[in-house]
Each structure stands twice: as C-alpha cells, then as structure tokens.
Amino acid sequence: MNDVYDVIVVGGGTGGAVVAARLSEDPACRVALVEWGPDDRNEPRALAVKRWFEMLEGEYDLDYRSVAQERGNSDIRQARARILGGCSSHNTMIAWRPPPSDFADWVDRGAEGWGPETMLPYYDRVLAPIHPVAPEHRNPYLADVILAAAAALDIPTREQWNSDALSEGAGFLEIGYDPETGVRSSSSVAYLHPVMDERENLDMVLGHRVMRVVVDDTGRATGVELRAADGSTRTLSARQEIVVCCGAIDTPRLLLLSGIGPAEHLSELGIEVVADVPGVGENLTDHPEGLVVWEATRPIPAVSATDWDMAILMCVDTDSPVPDVLAHVPLMTYAVHAETRGVVIPEPSISMTPNVTRPHSRGRVSLSSADPDAPPLLDYGYFTDPDGYDERVLLAGMKMARRVAAAEPMAGWVNREVFPGPEVQADDELAEVMRATNHTVYHVSCTCRMGADSDPLAVLDPQLRVRGVRGLSVADASAFPSLTTVNPVIAVMMLGERAAELIRARLS
C-alpha cells in the first residue's frame with residue numbers, strides 16, 4: 001500500500017473489479033483497489049457457482065434488513081457481499097444481455113450517450129465467460145417445466161436468449177460459468193485473478209473499509225480514509241479520481257457518511273454538509289418477487305448448473321416493449337416468508353418465483369445515525385406506485401405460475417399446491433398473501449442515478465461524475481437510471497467497461 005495513487009477504486013465488487021482492471025492496463029496509471037472483504041481466491045464457496053447459497057447470510061454477507069414496509073414484506077434480509085468480486089461472487093450468475101429498450105429508457109431519463117447503439121457493443125467486451133447451461137447440467141424436471149410453459153402460455157421454447165431480442169419464451173438460461181469446472185465468471189475471476197499479482201501499478205488493498213471520502217475546501221475529492229480489521233486507520237490520496245463502486249446500498253451510504261447527500265438529512269444526523277446532492281439514496285428500485293410452492297410427486301433430480309437454471313418470460317400488457325413477468329424456476333424451494341405464516345413446506349417440493357421486470361415503485365437508502373457502523377435504513381417501497389402496476393403485474397405472474405403447473409408435463413410433478421394454497425383464489429386474497437410474503441431478487445439499483453443537469457435528483461452526470469464534487473465518480477448499479485428488465489450482473493460489468501473508458505479519457 002502506497003500513500004498516493006492516480007485513481008482509487010472503492011469496492012472490489014462487480015463494477016469495481018472491472019474498472020480497476022481496465023484502468024491498470026495503462027502501466028503509467030497507478031491504481032489502488034480498496035475492498036472491505038478478503039481475497040476470493042481462497043474461498044471455494046465463492047468460486048463454485050453451484051455453492052452460491054452457502055455464501056448468503058454467512059461471514060461474507062453484510063446481511064442488511066428492510067425497514068417496515070407500507071404494503072410489502074417487512075422481514076426481508078438483503079444480501080450484500082463483502083469479498084472480492086462482490087455480489088458476483090455469491091449470486092447465481094444468470095447472465096442476460098439487457099434488451100435495447102432498457103438503454104433507450106436510460107437516455108429518456110437523461111443519461112445522454114448511454115443508448116443501445118453505445119451500450120450493446122460492451123456486452124461483447126465483457127471478459128466473463130458466458131455459456132448456455134450445458135446439456136449434462138440440464139435437469140429433466142426443468143425440461144418438463146419448459147414444455148408445460150410453452151403449452152400453457154402459448155410461448156416458444158428458447159435454446160438461447162442473448163442471441164435474439166428479448167421476448168416471451170421458456171428455456172434454460174445462459175450462465176456466467178465454466179461448464180467443465182463449475183467456476184463462476186465473477187468480475188474478480190474474469191478481470192482480477194489473471195492480473196492482480198502481475199501488475200506493479202495495481203495495488204489490492206484488501207480487508208480495509210473506506211470510512212469517508214475526503215473532499216478539500218475547493219470541492220475536490222482528494223482521498224479516502226481507511227479502517228483495517230484491527231481498527232487502525234490510514235488515509236490514501238488520489239491525484240486524479242476516486243471511483244466509488246460499493247453497490248446500490250453502500251455507495252449512497254458512503255457518500256452520505258462523507259457529507260454528500262440531502263443537506264436536511266445530513267444536518268439532522270449531525271454530519272457536516274460537503275455537497276447538497278438531494279438524490280443520494282433516492283430512487284431505489286428492485287424486482288419484487290412472488291412465490292408459489294407445490295408438493296412434488298417424486299424427488300427432483302439433483303443435476304443442475306446453479307439450481308436456478310431456467311426462466312419463463314411472459315407479456316401481461318400487449319403494449320409493453322419487453323415481457324412484464326420473469327419467472328425463475330428454482331430446484332431449491334426458498335419459502336422462509338411462507339413458513340413465517342405457518343406454512344409447512346413438504347419434502348419434496350417445487351416452486352416458481354415470478355417477478356416484475358420493470359417495476360414502478362421506488363424506495364430509499366438512508367442513514368440511521370452518523371455512526372458508520374450503524375446499519376443503513378433500507379426502504380424498498382414495494383407496491384407503492386400510485387397506478388398499482390407492480391401489484392397487478394405480479395398478481396398476473398402468480399396466476400401464470402399456476403397455469404404452468406397445471407399443464408403437462410409439469411403437472412405430472414405436482415401433487416398439490418401448498419402456498420398460497422388452493423383456497424386462495426380471489427384476486428384480493430391472492431394479492432394480500434403475495435404482498436405480505438414478497439421477496440427481493442437482490443437486484444437493488446438506481447440509488448445514485450445518473451441523469452440530466454435539469455433533474456434535481458440525478459446524483460451523477462452522464463459521465464458518471466458526482467454533482468457538486470470534482471474528482472469523484474460512481475460505477476456500479478446505483479448509477480442505473482432505471483433497473484434492467486433482467487438480472488443485472490452483466491449490465492453492471494458493461495457499465496464498468498464504459499466507466500473505465502470515460503475515466504481514462506479524462507485522466508491528465
């Protein structure tokens with residue numbers, strides 16, 4: 001660890017690993033990558049994509065909680081990874097290419113220069129290997145669900161998704177993994193492992209948390225204050241730029257702790273206001289997820305790539321540019337919220353988890369106190385959109401799941417529905433159960449969104465620079481103007497690729 005760098009990247013997660021690796025390709029650019037957690041190379045659970053569930057709620061998980069929800073589930077545990085690779089080291093690595101309309105929407109929301117003609121080529125630059133689920137990993141039960149979905153919903157089966165426009169269908173997914181070894185294509189595996197011991201201009205500062213971004217009297221970010229695991233502190237200085245890549249919860253949390261955010265909120269907490277940026281922490285967006293569980297007629301074969309290997313896409317509104325519902329079909333039933341209502345999940349069981357691809361509801365990340373060790377306040381704002389879109393679409397997704405389960409050949413795997421249960425049929429009753437037990441897909445985004453100068457809640461300009469503070473930028477899912485239709489891990493890597501280009505162009 002040196003004292004001064006050209007660029008300091010804060011957070012070695014999905015976006016930060018990409019930015020640090022790309023910027024350090026220039027041997028003249030001295031880069032420090034500061035990661036709160038440890039090296040993932042020594043953790044086999046992080047490297048094996050099929051072991052992702054062992055990483056949740058464990059020693060690498062910050063394991064945040066939601067605040068009480070006005071209309072949704074108030075008991076959600078939000079996984080956030082504190083390890084090199086970040087959430088790409090503990091997710092399922094479902095690897096979608098976002099549809100062009102997602103990036104067109106970003107431009108409509110003020111992110112000039114982020115349209116599909118610019119962004120889609122970055123998919124081909126992503127270094128993380130992406131493969132369809134290998135034939136030897138294709139579960140026969142899931143193959144039957146695909147056929148049942150095609151019959152029940154009148155949609156095509158799909159052999160691949162990323163080679164065509166995103167549209168309705170059912171099929172095995174493309175996964176970021178090595179089919180022969182099962183090693184995940186996390187950003188750390190793809191971008192850092194090949195170079196982190198070789199590049200003299202790239203310093204990996206692991207096991208250190210950035211407590212504050214230092215901003216001088218002229219309004220320029222000049223360094224970061226670190227705290228090591230033993231409690232010792234140190235300050236690193238940046239000659240050129242500091243890039244915050246801590247994710248959609250911890251990026252706004254760090255900015256707020258640094259005095260960058262809504263002045264009123266900061267003043268209430270006794271934090272000195274460095275820059276009044278009202279949008280920090282606002283606009284939190286997530287894919288709300290429902291759940292239907294059935295007792296299975298027989299044990300489910302264990303063969304799989306990740307246990308979450310296939311999906312169903314369905315349109316609810318005919319004028320939607322993309323499917324409104326994305327249903328994952330796991331081989332493992334995760335029904336903790338149903339169980340809190342007294343539901344007994346039988347063995348064996350099967351389930352389906354529909355989610356809203358383009359939710360309208362918005363939430364917020366804020367601070368509970370000026371104490372950096374106090375957990376942030378995480379308000380999803382589920383089902384609070386005034387037009388009721390999210391509830392209506394997820395309700396349609398729940399009904400869709402039932403239709404698929406009633407169709408052959410999936411029907412041959414189904415003994416009885418155990419949740420919500422056959423007695424829950426009326427729309428209002430089904431919606432109540434759905435809201436009370438909804439879950440996150442761990443896709444929280446948009447809390448430091450970029451936008452136009454005329455947008456008072458846009459935290460970043462289209463160059464990813466934090467408004468009101470020079471030499472400070474953000475490159476993670478918090479920068480999204482709106483959440484991608486599909487699982488966002490590859491979109492974050494694409495954003496990281498573009499961020500590195502933008503930053504490199506302005507380095508003097």
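The values are calculated or read from the model by the stated rules, or taken from the named source; none is laboratory data. Predicted model, so just to flag it, every value in this text is computed and none were measured. For neighbour counting, all protein chains shown are included, and Cβ atoms are generated from backbone atoms with ideal geometry for every residue, glycine included.
Regarding the stretch 349-364, can at least one residue be identified that is out of contact with any Asp or Glu (no Cβ under 8 Å at 6 or more places or on another chain) and assigned to a loop (DSSP other than H, G, I, E, B)? The answer is no, given that none of the residues of the stretch 349-364 is out of contact with any Asp or Glu (no Cβ under 8 Å at 6 or more places or on another chain) and assigned to a loop (DSSP other than H, G, I, E, B).
Report whether or not Ala128 is more than 17 Å from Ile490 (Cα to Cα) and either crowded, with 19+ Cβ neighbours inside 10 Å or at pLDDT 95 or above (or both). Outline the logic, then answer.
Numbers: more than 17 Å from Ile490 (Cα to Cα): no; either crowded, with 19+ Cβ neighbours inside 10 Å or at pLDDT 95 or above (or both): yes.
No.
Scanning the stretch 190-209 for residues that are under 30 Å from Ala491 (Cβ atoms) and outside any strand (DSSP E or B) yields Ala190, Tyr191, Leu192, His193, Pro194, Val195, Met196, Asp197, Glu198, Arg199, Asn201, Gly207.
Do you know which of the residues in the stretch 101-126 that are among the acidic types (Asp, Glu) and touching a residue at least 12 places away in the same chain (Cβ under 8 Å) is farthest from Ser185 (Cα to Cα)? Among them, the one singled out is Glu112.
Just to confirm my filter: which helices (runs of 4 or more DSSP H) fall fully inside the stretch 1-119 and include at least 3 residues that are of a type in the set (Asp, Glu)? Walk me through how you get there before you give the answer.
Numbers: elements: 14-23, 44-47, 100-108.
Ranges flagged: 100-108.
Out of Pro323, Pro330, Pro375, one residue alone is under 25 Å from Ala134 (Cα atoms) and in contact with a strand residue (DSSP E or B) (Cβ under 8 Å, 6 or more places away or on another chain). It is Pro330. If we scan the stretch 498-508, do we find a residue that is in contact with a Gly (Cβ under 8 Å, 6 or more places away or on another chain), over 20 Å from Gly12 (Cβ atoms) and either of a type in the set (A, V, I, L, M) or in contact (Cβ under 8 Å) with a residue 60 or more places away in the chain (or both)? No, that holds for no residue. Among the candidates Glu272, Glu295, Glu282, Glu264, the residue that is touching a strand residue (DSSP E or B) at 6+ places or on another chain (Cβ under 8 Å), surrounded by fewer than 20 Cβ atoms within 10 Å (Cβ to Cβ) and either within 27 Å of Tyr177 (Cα to Cα) or charged (D, E, K, R) (or both) is uniquely Glu295. Looking at the stretch 155-178 only, could you name the residues that are within 22 Å of Ser320 (Cβ to Cβ) and small (Gly, Ala, Ser)? Ser163, Ala165, Ser167, Gly169, Ala170, Gly171, listed by residue number.
Which residues, counting only those in the stretch 59-95, are of a type in the set (A, V, I, L, M, F, W, C) and either in contact with a Lys or Arg (Cβ under 6 Å, 6 or more places away or on another chain) or in contact (Cβ under 8 Å) with a residue 60 or more places away in the chain (or both)? Within the stretch 59-95, Leu62, Val67, Ile76, Ala79, Ala81, Leu84, Cys87, Met93, Ile94, Ala95 qualify. Does the stretch 176-183 contain any residue that is buried (at least 23 other Cβ atoms within 10 Å of the Cβ), within 20 Å of Met493 (Cα to Cα), within 23 Å of the chain's Cα centre (by Cα) and of a type in the set (D, E, K, R)? No.
In this structure, does Val492 turn out to be in contact with an Asp or Glu (Cβ under 7 Å, 6 or more places away or on another chain) and within 30 Å of Thr92 (Cβ to Cβ)?
Numbers: in contact with an Asp or Glu (Cβ under 7 Å, 6 or more places away or on another chain): yes; within 30 Å of Thr92 (Cβ to Cβ): yes.
Against the criterion (in contact with an Asp or Glu (Cβ under 7 Å, 6 or more places away or on another chain) and within 30 Å of Thr92 (Cβ to Cβ)), Val492 qualifies.
If Asp63 satisfies every condition in (1) surrounded by 24 or more Cβ atoms within 10 Å (Cβ to Cβ); (2) at positive phi but one, which is the exception? So Asp63 meets the others, but not (1). Residues in the stretch 278-305 that are farther than 20 Å from Leu326 by Cβ and in contact with a Lys or Arg (Cβ under 6 Å, 6 or more places away or on another chain): Gly281, Glu282, Asn283, Glu295. Of the residues making up the stretch 459-508, those that are of a type in the set (Gly, Ala, Ser) and either within 16 Å of Glu241 (Cβ to Cβ) or surrounded by fewer than 24 Cβ atoms within 10 Å (Cβ to Cβ) (or both) are Gly468, Gly471, Ser473, Ala475, Ala479, Ser482, Gly496, Ala499, Ala500, Ala505, Ser508.
Cβ-Cβ distances below 9 Å connect the following pairs, each with a first residue in the stretch 185-200 that is modelled with pLDDT of 95 or more and of a type in the set (Lys, Arg), a second residue that is part of a loop (DSSP other than H, G, I, E, B) and surrounded by 17 or more Cβ atoms within 10 Å (Cβ to Cβ), and a separation of six or more residues or different chains: Arg199/Ser24. For Arg212, the criteria (1) more than 22 Å from Ser478 (Cβ to Cβ); (2) assigned to a strand (DSSP E or B); (3) basic (Lys, Arg) hold in every case but one, which is (1). Any chance the stretch 145-154 includes a residue that's at positive phi, touching a Ser or Thr at 6+ places or on another chain (Cβ under 7 Å), in a helix (DSSP H, G or I) and in contact (Cβ under 8 Å) with a residue 40 or more places away in the chain? Looking for residues that are at positive phi, touching a Ser or Thr at 6+ places or on another chain (Cβ under 7 Å), in a helix (DSSP H, G or I) and in contact (Cβ under 8 Å) with a residue 40 or more places away in the chain, one finds none in the stretch 145-154, hence no.
Annotation: of all residues in the stretch 432-457 being among the aliphatic types (A, V, I, L, M) and surrounded by 24 or more Cβ atoms within 10 Å (Cβ to Cβ), the one that is farthest from Val325 (Cα to Cα) is Met450.
Of all the listed residues (Val344, Val316, Val322), the sole one being surrounded by fewer than 15 Cβ atoms within 10 Å (Cβ to Cβ) and part of a loop (DSSP other than H, G, I, E, B) is Val344. Somewhere in the stretch 354-366, is a residue within 26 Å of Arg298 (Cβ to Cβ), under 26 Å from the mean Cα position of the chain (by Cα), in contact (Cβ under 8 Å) with a residue 12 or more places away in the chain and buried (at least 16 other Cβ atoms within 10 Å of the Cβ)? Checked against the condition, which is being within 26 Å of Arg298 (Cβ to Cβ), under 26 Å from the mean Cα position of the chain (by Cα), in contact (Cβ under 8 Å) with a residue 12 or more places away in the chain and buried (at least 16 other Cβ atoms within 10 Å of the Cβ), the stretch 354-366 yields at least one hit. Total residues in the stretch 39-62 satisfying the condition of being under 29 Å from Val224 (Cβ atoms) and touching a strand residue (DSSP E or B) at 6+ places or on another chain (Cβ under 6 Å): the figure is 3.
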